[in-house]
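These notes concern the structure reproduced below.
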């Protein structure tokens, strides 16, 4: 059985990645209809994937779809998710889950009331190397977590209509858009953040959203962390590093954070990597390369959410991680504004 999907916001990331690599290729999903305010672009997407182009959100929700992927500007997520819930449709929303904690709460409450599932599209959680690193950590191979770093940056110049460059439509800039992924990954590895201290800036670009952000994180388990994310570095300049350190060693990677299926990841562990069953190759420097067969993260997130609907269970990419992300991001922006460290409740 396959879940019938509709898409709100068919341009952008939906057209580039989530539709072709996720919904179209998923074993338990099928794309039925798409909507975008840009009718011409929406018609092009519908033609490309041989599905129906719908002229409004209301018309989309009156169709025979069972789930909706929301990939519109962040400012529209809350209202659209609530509309989907009232129509009895399950919702997988791109992050952020609304613009604020209050909006995220409204989305969750509406979906709970309607008895539909609400998920958050943190697809980087599904990356095979990230899951392999998570297994090592859960198996105690890293020892007690000590420090984590996650980096994601790109060159994002001013562009007319780019909603991520205006806090009114995107909620923030590099921290909200890319830092959210980084914070979520570190929380997947180390657990919840207890406190943050953050700096943001418009260092190079001239738009309203921040193009630079560095957040220091204090985790509930005592580990420390740093997220650095920029819209003002050439793409080639950032290696998109992931660094995880513990009392028994480290797991170091480059290129695993991002939209690709694989990067380079190496474990340097005091007792080696015994018991780890993914493909391994001994590196010249003594580390163990972590190289499980790559999986497409967009397909994985769609298949997980579809499976949760079919199996009547909570998806691993649920609203819980979206709400936690909102809380940490809100604390980061508050810290940047006040110049103080912020405790999370």
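The values are calculated or read from the model by the stated rules, or taken from the named source; none is laboratory data. Values in this document were obtained by computation on a predicted structure and should not be read as measured data. All Cβ positions, even for glycine, are placed from backbone atoms using ideal geometry, and neighbour counts span all protein chains on display.
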Pick out the one residue from 146, 204 that is over 17 Å from residue 256 (Cα atoms), touching a strand residue (DSSP E or B) at 6+ places or on another chain (Cβ under 7 Å) and part of a strand (DSSP E or B). 146
Quick one: would you say residue 64 is assigned to a helix (DSSP H, G or I) and either surrounded by fewer than 19 Cβ atoms within 10 Å (Cβ to Cβ) or in contact with a strand residue (DSSP E or B) (Cβ under 9 Å, 6 or more places away or on another chain) (or both)? no
So which residues in the range 202-225 are surrounded by 15 or more Cβ atoms within 10 Å (Cβ to Cβ) and over 30 Å from residue 128 (Cα atoms), if there are any at all? 202, 205, 207, 209, 210
Considering every residue within the range 234-257, establish whether at least one is part of a loop (DSSP other than H, G, I, E, B), closer than 29 Å to residue 293 by Cα, touching a residue at least 40 places away in the same chain (Cβ under 8 Å) and touching a helix residue (DSSP H, G or I) at 6+ places or on another chain (Cβ under 6 Å). yes
Filter the range 113-129 for residues that are part of a helix (DSSP H, G or I) and out of contact with any strand residue (DSSP E or B) (no Cβ under 8 Å at 6 or more places or on another chain) and give the result. 113, 114, 123, 124, 125, 126, 128
Can you find a residue that is in the same structural domain as residue 32 (by TED's automatic domain parsing) and free of Cβ contacts under 8 Å to residues at least 60 places away in the same chain anywhere in the range 115-133? yes
Quick check on the range 89-102. Is at least one of its residues without any contact (Cβ under 8 Å) to a residue 12 or more places away in the chain and outside the structural domain of residue 333 (by TED's automatic domain parsing)? yes
If I go through the range 158-172 residue by residue, how many of them are more than 16 Å from residue 101 (Cα to Cα) and either within 15 Å of the chain's Cα centre (by Cα) or assigned to a helix (DSSP H, G or I) (or both)? 3
Which residue out of 160, 167 is free of Cβ contacts under 8 Å to residues at least 60 places away in the same chain and farther than 24 Å from residue 326 by Cβ? 160
